[in-house]
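Below you'll find the structure, written out as C-alpha cells, and then a few comments.
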RNA sequence: CGGGACGUGGCGCAGCUUGGCAGCGCGCAGCGUUCGGGACGCUGAGGUCGCGGGUUCAAAUCCCGCCGUCCCGACCA
C-alpha cells in the first residue's frame, strides 16, 4: 500500500474526552472514529489488526477441533423467553419490533441460538462438539467508556461446547483454557486467568482472562506465588484468628455517631474490626440485612451470586426507618427478626462486638454474634484488600487492575435443559447435553494491545498484530533516483510476502517519522538521497527503539528476516 | 438511574459574565521557497454556533424545554 493512497487520518491533537491511552491513540493514529456513545467505526488500520487477531483466534479454535459457524445478530423473542433470559437480562439487551409487532432482540450472546441448533444432535456418538463464530454482539451498556474497552456493539469470538457428561465438559473447558492461553500468548498479551463470578450466564464455574492495565475496570486478587488468582467479585482470603473476650450486651448512647469511623473515634466505641456493619438492601423487592465486619466492604456481585437476586439496590433512608426504626448510622441486627439476615463469615463466632441499636444515637456493645443475632445465612460477601493472606499459601495478596479479554464458563445444563437438548446415551436413555460457553472480545483485545504497547510517540504493535509490518519512509519522493530505490525495496518486500506501507507522501521527513511512530509500524526503513548516494538506508525498530544503518543490498534480506522472527513470538 | 461538566468549520479551542460583523491554532486547496525529526510565505475554501421555543430592534451570548457526549458513582458475560 502507498501511504499517499491509504486512508490513515492521523491527528495532531488528542481527541477530547479520550481518557484511556488506547482510546486516545487509536483515534489520533487514524484507527477508529466514534459514531455515538459506545459505538465506533473501525478504519482500515484497525480492520487489519482485528483481522490478524481473528486469524490467530481461528487457528487456535480449529486446533481444538472447533467448527466455525455464523449466526444471526437478530433474534426472535421466543428464543430468549425459552431460556428465561428475555425477562432476566433487562435493559442490557437491545430490543425492537418488526413490522408485524413481533418482539426481537439484538443478540448479546448466543447460547440460545446455538442450543436451538444443538437440538439436532441425537446421539452421544455425535458428541463432543465445539461450535464457534466470530460475530457482532450488542449490549446496551449503562455507561460505555474508554473507547473500545467498553462498547455497545462489538465483535466476539464465542464458542459453545456440547458434551455427554460433566467430565466431557471439563475436557472442553480445559481445552478452551489452553487455547485461550495460546491465543493471548501469541497476541502478545499477558492474560492472567482468574476465578470469576458467572453472573447472568449461570453455570457452575468460570475463568476470566485479565490483561493488566490501569485503564481496565476489573479488580483482581492475585497471589505473587502464582497459586491463587480471582476476580474481586469472587475472591477469598484467609481470615486471621481472632480471640474475643466475652461481653455483656449493653445499649449505650452515641450521639452524633453516623459512620464506622465515627464509632471508632468515639469514646467508649470500638475499632472498625470490632464493629458489625449493617447494610440494608432490596433483593428483587425483598428487604434484607447484610452484616459485615466494620472494616470490610461489601461486593454486591457476591450478594447477587449467593442469593440469585437479579435486581439489587440499597434501601433508602425512609424505607429503612419504616422497617428498622432508625436512620442509617444506628442500624443493627440485634433483636431483629422478620427479615432475611445474611452475614459474612468474618463475623462467625465473634463476641464483644459493637453495632447499631436501631435507635438513633444508640449502639450496642458486648454483642455476641451467635447469641444476639438471628443470622439466616452465612456467605462470603466481602471485598479483599491488598496484603490479606492468600487462602492457598498465606502470602500477602496483591490487588491489580485489568481488563477482561476472555471469559470461559461451565454452563452445565442451564440452556440445554430449557431447550430440551438431549441425546441418546450409550444405555439408550435420553441424556441432557452438558454445555460450556467461551468468549473473547476482539476489539477489546485490540484496545488491550494498544494499552499494553504504546509510548509517548504512539502505538508500538507487536509484529504479529501490526497493521503493516514495515514502512518505507521515502525522503524526497520527488527525487527520481531515491523513489526508484524505494520502489524496488517495496516490490521485493511485497514479493517476499511482507506487509509493507510505502510512505511516498510529499511530506517533510519529520512528519513521516512522527506518523509512522504514531501508527506504530514495527519496522521502518528510511530511504533518502543521502543514503542512496552511499548505498545505505536507516533501519528503525519501533519496538526496541534501535536504529542502524544497513547497506541497500542487504536491507530487504534483513527486513524479511526480522519480520519473520517477529511473527511468531516465543 | 444519581452527581458533575461540556456541545461554536475535519480536529483542538476562544468568544457567553456585560446581547451588536462568528474568531484563533492545527488540518485542507492553489502557488512559491524548503526538505534526514511535526518548515515558511502569499492566496483561498470551509460554520444550520446541538435542536426547538421564548425574551429583544438585535441572541453563539439571556430564559425554558429537549437531544447528544464525556467524567465520577450505581450497573455490567
Being within 43 Å of the chain's Cα centre (by Cα), part of a loop (DSSP other than H, G, I, E, B) and modelled with pLDDT of 85 or more is the filter here, so list the residues in the range A:236-255 that pass it. A:236, A:237, A:239
Single match in A:348, A:321 (criterion: away from RNA strand B (no atom under 16 Å from the Cβ), surrounded by fewer than 18 Cβ atoms within 10 Å (Cβ to Cβ) and closer than 19 Å to residue A:259 by Cβ): A:321
Please determine whether any residue of the range A:470-478 is within 36 Å of the chain's Cα centre (by Cα) and crowded, with 24+ Cβ neighbours inside 10 Å. yes
If a residue must be within 8 Å of RNA strand B (Cβ to nearest atom) and touching a strand residue (DSSP E or B) at 6+ places or on another chain (Cβ under 8 Å), how many such residues does the range A:525-548 contain? 9
So, residue A:529, is that one in contact (Cβ under 8 Å) with a residue 24 or more places away in the chain and over 40 Å from the mean Cα position of the chain (by Cα) or not? yes
Here is a check on your reading of the model: is residue A:432 over 34 Å from the mean Cα position of the chain (by Cα), surrounded by fewer than 24 Cβ atoms within 10 Å (Cβ to Cβ) and either touching a residue at least 40 places away in the same chain (Cβ under 8 Å) or more than 30 Å from residue A:553 (Cβ to Cβ) (or both)? no
Test of understanding: among A:166, A:181, A:172, which residue is within 18 Å of the chain's Cα centre (by Cα), more than 10 Å from RNA strand B (Cβ to nearest atom) and within 30 Å of residue A:380 (Cβ to Cβ)? A:181
Cβ-Cβ below 8 Å, separation at least six or inter-chain, first residue in the range A:4-18 and near RNA strand B (Cβ under 8 Å from one of its atoms), second assigned to a loop (DSSP other than H, G, I, E, B): which pairs? A:9/A:30; A:9/A:43; A:10/A:29; A:10/A:30; A:11/A:30
Return yes when residue A:5 is at pLDDT below 95 and in contact with a strand residue (DSSP E or B) (Cβ under 8 Å, 6 or more places away or on another chain) and no when it is not. no
Based on what the data block shows, is residue A:255 farther than 14 Å from residue A:328 by Cβ and loosely packed, with under 13 Cβ neighbours inside 10 Å? yes
Return yes or no: is residue A:489 in contact with a helix residue (DSSP H, G or I) (Cβ under 7 Å, 6 or more places away or on another chain) and touching a residue at least 60 places away in the same chain (Cβ under 8 Å)? yes
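The values are calculated or read from the model by the stated rules, or taken from the named source; none is laboratory data. Since this is a predicted model, take the numbers as computed values, not measurements. When we count neighbours, we look across all protein chains shown, and the Cβ atoms used for this are built from the backbone with ideal geometry, even at glycine.
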